[in-house]
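Q: Okay, handing you the structure first.
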Amino acid sequence: MSTLDDPRELHAAPATKPPRTSVAGWPGLLGRGLRRLVLLTLMGLVLAGIVHILAVLLIPVLAERDAASAYAALGDGGHAELVTPPAAGLPALAEPDPNSVSAVCGYDLGTGPVRVSAQTGALPLGLTLHRHGGGVAYAITDRAAIRGVLEFVVMTQEQLDERLAQDEEGETSRELRVVSPSPQGLIVARVMLRHTVDRGEAEALATSVACTSAD
Amino acid sequence: MRVVELAYVIALGAGLGLASAHYAVAERPVVGRAQIGAWTTWPKSGARDTDPYMRAYLARGVHLPLGAGEGLLLIAERDDAGQPLDGRCRYTVTGLTPPARGWSLAVADPARRPLQLAVARESFSDAELVRDERGGLKIIAAATPEAGNWLPLPPSGRFQFRLRLYDTPISSHAGELRPEALPRISRVDCR
């Protein structure tokens, strides 16, 4: 009898057990699923943090609409060109000061260092170096001018090292050297207008800034 | 890991990461900001060691910010009482400006749209002001003409004041300025 009972019990066991496990397993399954979802969400958040940091760091590197890219071709003739307002076809400057005029020279140090020289006038003049990908690398005002001339040479770190190595007699040691963090960038001459009638004088001052090869 | 789970993690990471990066640099970033009374400035925005958020913001448009030794830009979107600046109201800008070789105070649209002004004057320079006998600064900003130093405002909607200080010694430590050192913006009345 016991041998007959056993198979019956065995037969009965699967029939009675599943409801018991499903009743007890639903919260367990739900809890496991929830834990899994929380874990996956946390992984997603960590990935979002990494993506966020990478995106913020890559925006300047991949920038194609920044000022240095937009105005790279200006100043080819050796003199800064006005961007307030810019020449036809070029994008307008974001948030310009109505009380200043700006002229720019695009530079590419691949062909050698660039010499920037400006005559000072009665209006406040500032010269800044804007690197590719946004940001100011160097700024100087006409207060630093010597005998009415503001002059400096823009170069890469390698060009500076080379210049120092070749300059045994100290011939060029009196020039002001500025290392550009990027091979391409902009030299910006900004003149503040004290009165509206100063515009012509300010534009002449800003566009008289020369950017020529230093060699 | 199942494909659905992997897709969920990648979608969440890429979506949230890119969206938050876009949001963080769409306008001038919160990082590096200094609030002085009603005025906001980013002292490092023109420095060589500016933060990555400011660099990303500058790289996304045709910006030529003032260099750290060249000048400083301060922006006000609210008056001294904390109310947003509105073209339907009249404001006075009084008080002091920090030492600088020259400065300009301009009205601008927060979304960079062209302003609809009654006359073509968007800004005042320090030399253009008519001062009182004590040499004090008083500018009246309103949409309709006012006596004195009138700075026209758009007839309605939000606007900003932008104060640019040229060749100022404070640009490197602008975050330490006290509110009394900057012009006060007071609301007179509203239409």
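Q: Out of curiosity, is A:G126 over 23 Å from B:P52 (Cα atoms) and more than 14 Å from chain B (Cβ to nearest Cβ)?
A: no
Q: crowded, with 22+ Cβ neighbours inside 10 Å and either assigned to a strand (DSSP E or B) or aromatic (F, W, Y) (or both): does that describe B:Y23?
A: So B:Y23 does not fit the description; no.
Q: Run A:V56 past the list (1) surrounded by 18 or more Cβ atoms within 10 Å (Cβ to Cβ); (2) assigned to a loop (DSSP other than H, G, I, E, B) and report the number of the one that doesn't hold.
A: (2)
Q: While we're on this one: For B:E122, are the conditions met, namely being surrounded by fewer than 15 Cβ atoms within 10 Å (Cβ to Cβ) and either of a type outside the set (G, A, S) or not assigned by TED's automatic domain parsing to the domain that holds B:L73 (or both)?
A: no
Q: Something else now. Restricting to region A:85-119, give me the number of residues that are more than 7 Å from chain B (Cβ to nearest Cβ), part of a loop (DSSP other than H, G, I, E, B) and touching a residue at least 60 places away in the same chain (Cβ under 8 Å).
A: 2
Q: Among the residues of region A:185-215, count how many are modelled with pLDDT of 90 or more and closer than 18 Å to A:A68 by Cα.
A: Result for region A:185-215: 11.
Q: How many residues does region A:1-53 contain that are modelled with pLDDT under 50 and surrounded by 12 or more Cβ atoms within 10 Å (Cβ to Cβ)?
A: Final tally of qualifying residues: 0.
Q: Do you know which of the residues in region A:120-135 that are assigned to a strand (DSSP E or B) and not β-branched (V, I, T) is nearest to A:L62 (Cα to Cα)?
A: The selected residue is A:R131.
Q: Just to be sure I understand, how many residues within region B:48-89 are without any contact (Cβ under 8 Å) to a residue 60 or more places away in the chain and over 13 Å from the mean Cα position of the chain (by Cα)?
A: 19
Q: Got a sec? Which strands (runs of 3 or more DSSP E) wholly within region B:139-191 have at least 1 residues that are under 25 Å from B:A127 (Cβ atoms) and without any contact (Cβ under 8 Å) to a residue 60 or more places away in the chain?
A: Hits in region B:139-191: B:149-152.
Q: Based on this model, can you work out whether B:R112 counts as farther than 19 Å from B:P43 by Cα and in contact with an Asp or Glu (Cβ under 7 Å, 6 or more places away or on another chain)?
A: In short, yes.
Q: Mind checking which residues of region B:128-140 are at pLDDT 90 or above and either outside the structural domain of B:L165 (by TED's automatic domain parsing) or closer than 17 Å to A:N99 by Cα (or both)?
A: Residue satisfying the conditions is B:I139 alone.
Q: Among the residues of region A:113-169, which ones are of a type in the set (K, R) and within 19 Å of the chain's Cα centre (by Cα)?
A: A:R131
Q: May I ask you to list pairs of residues, at least six apart or on different chains, whose Cβ atoms are under 6 Å apart, with the first in region B:99-120 being under 23 Å from B:E180 (Cα atoms) and the second being among the acidic types (D, E)?
A: B:R101/B:D167; B:G102/B:D126; B:W103/B:D126; B:S104/A:D97; B:A106/B:E122; B:V107/B:E122
Q: I've got another one for you. So is A:S69 over 19 Å from the mean Cα position of the chain (by Cα), among the hydroxyl-bearing types (S, T, Y) and not in a loop (DSSP other than H, G, I, E, B) or not?
A: no
Q: Filter region B:47-70 for residues that are facing another protein chain (nearest Cβ under 7 Å) and under 13 Å from B:I170 (Cβ atoms); which is modelled with the lowest pLDDT?
A: Applying the filter and picking the extreme gives B:G69.
Q: Moving to a separate point now. If you check A:L62 against the conditions, is it surrounded by fewer than 21 Cβ atoms within 10 Å (Cβ to Cβ) and at pLDDT 90 or above?
A: Here the answer is yes, as A:L62 does meet what is asked.
Q: Next up: Would it be correct to say that B:L18 is at pLDDT 90 or above and crowded, with 23+ Cβ neighbours inside 10 Å?
A: It is false that B:L18 is at pLDDT 90 or above and crowded, with 23+ Cβ neighbours inside 10 Å.
Q: Name every residue in region B:163-189 that is buried (at least 20 other Cβ atoms within 10 Å of the Cβ) and either over 14 Å from B:G95 (Cα atoms) or within 14 Å of another protein chain (Cβ to nearest Cβ) (or both), in order of residue number.
A: B:L163, B:R164, B:L165, B:Y166, B:D167, B:T168, B:S171, B:A174
Q: Give the residue that is surrounded by the most Cβ atoms within 10 Å (Cβ to Cβ), with candidates limited to residues of region B:97-107 that are part of a strand (DSSP E or B) and within 7 Å of chain A (Cβ to nearest Cβ).
A: B:S104
Q: Can you report the number of residues in region B:74-96 which are buried (at least 18 other Cβ atoms within 10 Å of the Cβ) and assigned to a loop (DSSP other than H, G, I, E, B)?
A: Qualifying residue count for the region: 3.
Q: With (1) touching a Pro at 6+ places or on another chain (Cβ under 9 Å); (2) modelled with pLDDT of 90 or more; (3) at the interface with chain A (Cβ under 10 Å from one of its Cβ atoms) as the list, and B:P152 as the residue in question, which single condition is left unmet?
A: Here B:P152 clears every test but (3).
The values are calculated or read from the model by the stated rules, or taken from the named source; none is laboratory data. What you see is a predicted model; the values in this text were computed from it and never measured. So basically every Cβ, Gly included, is an ideal-geometry build from the backbone, and we count neighbours across all protein chains shown.
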